[in-house]
Structure formats: structure tokens, C-alpha cells
Amino acid sequence: MRKTLDRDKMPRHVAIIMDGNGRWAKKKQLQRIKGHEAGIKAVERTVEYCAKTGIQVLTLYAFSSENWRRPALEVRALMKLLRLFLRRETARLIKNNIRLQAIGQLYRLEPVVRAELKKAMDKTSSCTGMVLNLALSYGSRDEIIRAMKHFFQELESGGKDLAALTPETFHDYLDTAGLPDPDLILRTGGEYRLSNFLLWQAAYAELYFSETLWPDLAESELEEIFLDYQHRERRFGMISEQLS
């Protein structure tokens, strides 16, 4: 008998490293941009599935701070795809009550991309369902350094006391302030690393690595991943007897 998802045990926050677009295209003897285009379709499927299964926050690693090192032609193509996605998907996000937000070095994005992103975030700001959080020009080490600089600026101005810095209060200086830490981090594409993604926030996240290339990720596999998550015991330093 097929097991079904327990809606009361869903992860609140799912974060995904969407890896494998380029290899997907190479396997099919296509240009890399075709892999990214197919990856956009996987984003649409995943967003819709996570929203209907009760996920509260979905963070997608869409473009890392290291991705700026890629060939300029590919970067331009990725930015164009991002603009098209935002323009095309905003209405669907509103229809599904999904609020869009973004983290990372957003100032590095082209002005036209930032404008499109702001427009989409403004239009979805009153949505009360799932939060779709795009990590754009994002790197976790940079995020932590920026957070520390922000805190010490407040310390120097007298607005904060050093004793006020705790793991809990430090979270308020991160890009993800106001969001729960991820319960589950999924990486597709057969790689087994976090690649500078949510390093602070991932402290107690469950990790899942899939061999599937991102464009091929289907709802059926997402369901299996969530079922796997529901059968894991999250102890947070305690023992099983304490949890029961």
C-alpha cells in the first residue's frame, strides 16, 4: 500500500539547490541555455506542488554570487530568463496566494532585473500563503559577513550591547530574517555539497541529495523526498526518549 504524506508533518521551510541544468542540456546535445529554460519549467512545477502540500517557505538557489564568474553570454541569458519568469509568473503567484521575496546581493543585478523583481514583490506583498524566496547573487559567507558588519555598526553607534549578540539575535541580521530556518535542504544533480548556501541556517536542516538533474525533477520524486523527511527523527541534540 502506497504511503501518503502526513500534512501535519510537512517541513515548514524547504530550500533547494537546483543543480543540473547544463548537464541536462549536454546529455541532449542542446545549448546550455536550453537546460536553463527547462529548469524554469521545473521551478514552476515545484512551486505549485510545494504550495498545495502546505510548505510555508520555499527557498530556491537561483543564482549564486559565484555564478557571476560564468561566461558573460550565459549570465546575460540567465538574467533575461529571470526577467521573463518574473513577468510571466507574477499573476500565477497572486492567484495561488504566494508571496515573492529575494535574498542576496541584489544590488549586483542589472537595474532592469531589479525593477522587475521589485514589481513582482510589490504585487505579491499582500499574499498570505507560501513564501517563495529566491536566492539571487547569493552567497552564505558574504551574507554572514554583511550581518556581522551590520551588528558592529550598531554596536559602535551605541545602539547595541555586545551581550545582546546570541545565535537567536544574530538571525535577525541575516538575509532570511523573519523566516524559519530550513527544515529540509534538497540538492539535485548528484552533487553532495552545500555550495555556500544557507550555511548558518542549515545547522539542523535535514539534507537530501538526488541524482536527478533539476529539469527532470517531478512531483512524484518530491513526494518521495517529503515522505523520507517525515520518517527521519530530528533530535536537535537530544535523545529519542526525550522526544517521546
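Each of N97 and I145 was given a label point 7 Å from its Cα along the Cα-to-Cβ line. The distance between the two points is 4.2 nm. Pull out a ≥ b ≥ c, the square roots of the eigenvalues of the alpha-carbon gyration tensor of the stretch 19-75, then state rounded if a/c is under 1.5, prolate if not and a/b is larger than b/c, and oblate in the remaining case. Judged from the Cα gyration tensor, the stretch 19-75 comes out oblate (a/c at least 1.5, b/c at or above a/b). Hydrodynamic analysis of the stretch 113-244 uses the Kirkwood radius over alpha carbon pairs. Inserted into Stokes-Einstein at 37 °C and 0.692 mPa s, it gives a translational diffusion coefficient of 183 µm²/s. Sequentially through the stretch 62-75, phi angles give Karplus couplings (6.51, -1.76, 1.60; θ = phi - 60°) of 8, 7, 8, 5, 7, 5, 5, 7, 5, x, 4, 5, 5, 4 Hz, Gly and Pro residues having no value and appearing as x. I'd like the GluC sites (Glu not before Pro) in the stretch 185-216 restricted to DSSP loop residues with at most 12 other Cβ atoms within 10 Å, sorted by number. Filter output for the stretch 185-216: E211.
Can you tell me the dipole magnitude for the chain around its Cα centre, using point charges on the Cβ only (Lys, Arg +1; Asp, Glu -1), in Debye to the nearest 20? Spell out each step's value before the answer.
Values: 38 positive and 33 negative charges, 258 e Å.
The calculated dipole for the chain is roughly 1240 debye.
Every helix of 4 or more DSSP H residues in the chain counts as -39500 (n - 2.57), and over all residues that averages to -13000 deg cm²/dmol at 222 nm. Sorting D216, D175 from the fewest to the most surrounding beta carbons within 10 angstrom yields D216, D175. Close amide-amide hydrogen proximity is noted between T59 and V14, A15, I16, N133, each under 5 Å apart and 5 or more residues distant or on a separate chain (H modeled in the peptide plane; Pro and chain starts excluded).
Here, the stretch 51-124 has an Rg and a Dmax of 13.1, 38 Å when only alpha carbons are counted. The string of couplings for the stretch 78-91 from the Karplus curve (6.51, -1.76, 1.60, θ = phi - 60°) is 5, 5, 5, 5, 4, 4, 5, 4, 4, 5, 7, 8, 4, 4 Hz, one whole number per residue in order, with x for Gly and Pro.
The mean sequence distance of close C-alpha pairs (under 8 Å, at least 6 residues apart), as a share of the length of the stretch 26-169, puts its relative contact order at 30 percent. Computed from phi, the 3J(HN,Hα) profile of the stretch 35-46 under the Karplus parametrisation 6.51, -1.76, 1.60 (θ = phi - 60°) reads x, 5, 5, 5, x, 4, 5, 5, 4, 4, 5, 5 Hz, with x in place of Gly and Pro. Taking label points 7 Å from Cα along the Cα-to-Cβ direction, D8 and E219 give a separation of 2.5 nm. Comparing L58, L73, L227 in a Gaussian network model of the chain, where Cα atoms under 10 Å apart are tied by springs, the biggest mean-square fluctuation is seen for L73.
Applying Stokes-Einstein at 25 °C and 0.890 mPa s to the Kirkwood radius of the stretch 60-182, computed over alpha-carbon pairs, gives a translational diffusion coefficient of 153 µm² s⁻¹. Quick one: pull the percentage of alpha-carbon pairs in the chain with a separation above 23 Å. Result: 53 percent of Cα pairs exceed 23 Å.
Calculated FRET efficiency, F209 and Q29, Cβ-Cβ r, R0 22 Å, to nearest 0.05?
Working: r = 26 Å, r/R0 = 1.20.
It comes to 0.25.
In this structure, the amide hydrogen of S210, modeled 1.01 Å from its nitrogen in the peptide plane, lies closer than 5 angstrom to those of R187, T188, G189, G190, counting only residues at least 5 positions away or on a different chain.
Rule-based calculations on the coordinates, nothing more; no lab input. Worth saying up front: this structure is predicted, and the values here are computed from it rather than measured. Using ideal geometry, Cβ is built from the backbone for each residue, glycine included, and neighbour counts are taken over all protein chains shown.
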